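Visitor: One structure follows; several queries about it will come next.
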Amino acid sequence: MARREFELPGIQDLSKEQEAALACAGEGRHLIIGGPGTGKSVLSLLRGRRHHQEGDDYRFLVFNHLLNEASGQLFGVGLRKATWHRWFRKTFQEITGSPAPKLAENQSGFQDIDWNEVADLIDKLPLDLKPRQTFLVIDEGQDMPRQFYTSLVKLGFENFFVVADQNQRITEGNSSRADIEACLDIEMNDVIVLKKNFRNSYPVARLAREFDTGDPASPPPALPDRGNKSDVPRLYFYDAERDFDIVVQGIIKRADREPHKLIGVITPNNDVRERYFDTLQSADDSNLDNPLPPIKTSYWNHRPEIAFDEGGILVINAQSCKGLEFDTAILADIDEHERYFSHDDPDTIKRLFYVMVARAKEQVFMFMKRGRGRAIETILPTDDNVLRREELR
């Protein structure tokens, strides 16, 4: 199996800003802010390694299962990790003796936490709760609701190391930078802001910059050096019925040319995810130089093991791409994001594109069905040097 570079950097490879963040006192409450590619997840893992080596009681908390899996692989054996939702429910019951109250199931069968009921139960606890010495390292902290933080403080947790970027909020329940500062009583001047982009090529970073909302609380990272000439990201228009096999064959051939690279196919919903995944799996491999690359998918109730240190193709929904990194990101059927587009708040969809584009280290390709996506077009750059439009035929 073709291996790809997937390892934590050494201490000697950190920037001064990253060194300052990593040097924060073990105890206390710390907030690290940074845009995509600034190394927030790396810092959180290095912080986790510090607690691990010192024998501390710690938990490394992330938003979703894919990031939980990727973090464990990047860290190596022993990371005490969990998704925040599952860990909170388990911890709440251990402390209070009562299950965390839940809301009714949504369409996917998921039951969120009833934070109002949680607050009521916490208020009934004895006032002399012992402080909790567990060190909490929280990645993608903007995607946890503010009630998560306030509940933890009330339950006696004192030590937090949170990395976040409010311009990457793409979930319904989330926290702004100001929310986290207020909940954890962190002064604005004590927040460390990361500014250097270590992940994206210049063309990818330049495209991602187009979707920055201009929020001063979470500034975008500086553009990297132009470096070697890289392909400008491309948007392909295609006929949904006639050209779909051509789209899929193009993805397969790219994976065949670079078997040591990981391609992320990021889809707007489950229907599109299933269509791409099923067609990719059944693609004709007779003209390939190598065996058909590994093709995997992951969604809410299907979580196979994904080897992030191997090349291949991973097909996931947009909500699952948080914190991940691919060599190439393919944004599939972006016209179908139109159903989530709001003219009253276009920043919502811009943040989603900001997150999706910034998953790519090297290249970005977008696909849009011909004749659709007029609202999505309004947020896309028109400069051919930033995003080049092409007809598939």
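The values are calculated or read from the model by the stated rules, or taken from the named source; none is laboratory data. This one's a predicted model, so the numbers in the text were calculated from it and none came from an experiment. Don't worry about glycine lacking a Cβ; one is built from the backbone with ideal geometry, like all the others, and counts go over all protein chains shown. All accessible areas refer to the heavy atoms of the entire protein, side chains included, with ligands and DNA or RNA removed. Shrake-Rupley method; radii C 1.70, N 1.55, O 1.52, S 1.80 Å.
Visitor: Could you sort the peptides 23-32, 121-130 by per-residue average Cβ neighbour count (10 Å cutoff), highest mean leading? Intermediate results must be reported in sequence, preceding the final value.
Guide: Numbers: 23-32: 16.7, 121-130: 10.7.
Result, highest mean Cβ count within 10 Å first: 23-32, 121-130.
Visitor: Using +1 at the Cβ of each Lys and Arg and -1 at the Cβ of each Asp and Glu in the chain, identify which of Gly97, Ser286, Ile379 lies farthest towards the dipole's positive end.
Guide: The Cα lying farthest towards the positive end belongs to Ser286.
Visitor: Let me ask something else. Averaged per residue, what accessible area in Å² does the stretch 100-199 show with a 1.4 Å probe, protein chains only? Before the final figure, lay out each step's value.
Guide: Working: 4920 Å² over 100 residues.
Per residue, the stretch 100-199 has an accessible area of 49 Å².
Visitor: Check Val162: other-chain or 5+ apart residues with amide H under 5 Å from its amide H, H built from backbone geometry?
Guide: Sorted by chain and number, the residues that satisfy this are His30, Leu31, Ile32, Ile138.
Visitor: Taking 8 Å as the Cα distance limit and 6 or more residues as the minimum spacing, I'd like the relative contact order of the chain as a percentage. List each step's numbers first, then the result.
Guide: Working: 748 pairs, mean separation 81.9, N = 393.
RCO, the chain: 21 percent.
Visitor: Toward the positive end of the charge dipole of the stretch 224-338, about the Cα centre and with charges on Cβ (Lys, Arg +1; Asp, Glu -1), which of Ile252, Phe237, Cys321 goes farthest?
Guide: Cys321
Visitor: Measuring from centroid to centroid over Cα atoms, what is the spacing of the stretch 148-181 and the stretch 61-105 in Å?
Guide: That distance is 15 Å.
Visitor: Let me ask something else about it. Exactly which chymotrypsin sites (Phe, Trp or Tyr not before Pro) in the stretch 220-322 are in a DSSP loop and have at most 16 other Cβ atoms within 10 Å?
Guide: Taking the stretch 220-322 and a limit of 16 other Cβ atoms within 10 Å, the loop chymotrypsin sites (Phe, Trp or Tyr not before Pro) found are Trp300.
Visitor: With r defined as the distance between the Cβ atoms of Arg257 and Glu105 and R0 fixed at 35 Å, what FRET efficiency is calculated, to the nearest 0.05?
Guide: E between Arg257 and Glu105, to the nearest 0.05, is 0.20.
Visitor: Now a separate question. Give the relative contact order (percent, whole number) for the stretch 1-89; include only Cα pairs under 8 Å separated by 6+ residues.
Guide: Worked out over the stretch 1-89, it gives 25 percent.
Visitor: Continuing with the same structure: With only Lys, Arg, Asp and Glu charged, each at its Cβ (+1 for the first two, -1 for the last two), find how big the charge dipole of the stretch 75-233 is about the Cα centre; round to the nearest 20 debye.
Guide: The calculated dipole for the stretch 75-233 is roughly 660 debye.
Visitor: Would you mind telling me the share, in percent, of accessible area of the stretch 1-143 contributed by carbon and sulfur at probe 1.4 angstrom?
Guide: C and S fraction of accessible area: 47 percent.
Visitor: Among Pro9, Leu136, Ile330, whose Cα projects farthest towards the positive end of the dipole of the chain, with charges put on the beta-carbon of Lys, Arg (+1) and Asp, Glu (-1)?
Guide: Pro9
Visitor: Hey, another quick one. Provide Rg over Rh for the stretch 184-294; use the alpha carbon set for both Rg and the Kirkwood Rh (inverse mean inverse pair distance). Don't skip to the end; give the middle numbers.
Guide: Working: Rg = 19.3 Å, Rh = 17.7 Å.
Here the Rg-to-Rh quotient is 1.09.
Visitor: What distance in nm separates the simple spin-label points at Glu338 and Glu241, each placed 7 Å from Cα in the Cβ direction?
Guide: It is 1.8 nm.
Visitor: Lys196: which lysines have alpha carbons under 21 Å from its alpha carbon, excluding same-chain residues fewer than 8 sequence positions away?
Guide: Result set, ordered by chain and number: Lys16, Lys40, Lys229, Lys322, Lys361.
Visitor: May I pose another question? Kindly report the accessible area of the stretch 217-304 per residue (heavy atoms of protein chains, probe 1.4 Å, no ligands, DNA or RNA), in Å².
Guide: Accessible surface, normalised per residue, equals 53 Å².
Visitor: Using the Cα centre of the stretch 96-174 as the reference point, and only Cβ charges (+1 on K/R, -1 on D/E), how large is the resulting charge dipole? Debye, rounded to the nearest 20. Can you show the working numbers first?
Guide: Working: 7 positive and 13 negative charges, 57 e Å.
With only Lys, Arg, Asp and Glu charged at Cβ, the dipole is about 280 debye.
Visitor: Report, ordered by chain and residue number, the aspartates and glutamates lying within cross-link reach of Lys81, taken as a straight Cα distance under 17 Å and ignoring same-chain residues fewer than 8 apart.
Guide: Cross-link targets: Glu54, Asp56, Asp57, Glu69, Asp139, Glu140, Asp143, Glu305.
Visitor: What is the calculated FRET efficiency for Gln53 to Asp309, with r their C-beta to C-beta distance and R₀ = 35 Å, to the nearest 0.05?
Guide: Efficiency for this residue pair is about 0.95.
Visitor: Percent of accessible area on the stretch 309-362 owned by carbon and sulfur, 1.4 Å probe?
Guide: 38
Visitor: Compute the length gained on full extension between His302 and Ala119: take 0.36 nm times their separation in residues and subtract their Cα-Cα distance, giving the result in nm to one decimal. Walk me through the numbers on the way to the answer.
Guide: On the way: separation 183, 0.36 × 183 = 65.88 nm, distance 3.19 nm.
That pair, His302 and Ala119, stretches by 62.7 nm at full extension.
Visitor: In whole Hz, what ³J(HN,Hα) sequence does the stretch 194-211 give by Karplus (6.51, -1.76, 1.60; θ = phi - 60°), x for Gly and Pro?
Guide: Karplus values, whole Hz, x for Gly and Pro: 8, 10, 9, 8, 9, 9, 7, 5, 4, x, 5, 5, 5, 5, 4, 4, 5, 9.
Visitor: Moving to a separate point now. Label points 7 Å out from Cα along the Cβ direction at Ala222 and Asn290: separation in nm?
Guide: In this crude label model, Ala222 to Asn290 measures out at 3.6 nm.
Visitor: With a point put 7 Å past each Cα toward its Cβ, work out how far Arg388 is from Lys195 in nm, to one decimal.
Guide: Placing both labels 7 Å along Cα→Cβ, they lie 3.3 nm apart.
Visitor: A further question follows. Let's see if you can work this out: charge +1 on each Lys and Arg Cβ, -1 on each Asp and Glu Cβ, no other charges. What is the dipole magnitude of the chain about its Cα centre, in debye to the nearest 20?
Guide: For the chain, the charge dipole is close to 460 debye.
Visitor: Counting only residues 5 or more places away or on other chains, whose amide H sits under 5 Å from the amide H of Leu235 once H atoms are built in the peptide plane?
Guide: Distant-sequence amide H within range of Leu235: Met366, Arg388, Arg389, Glu390.
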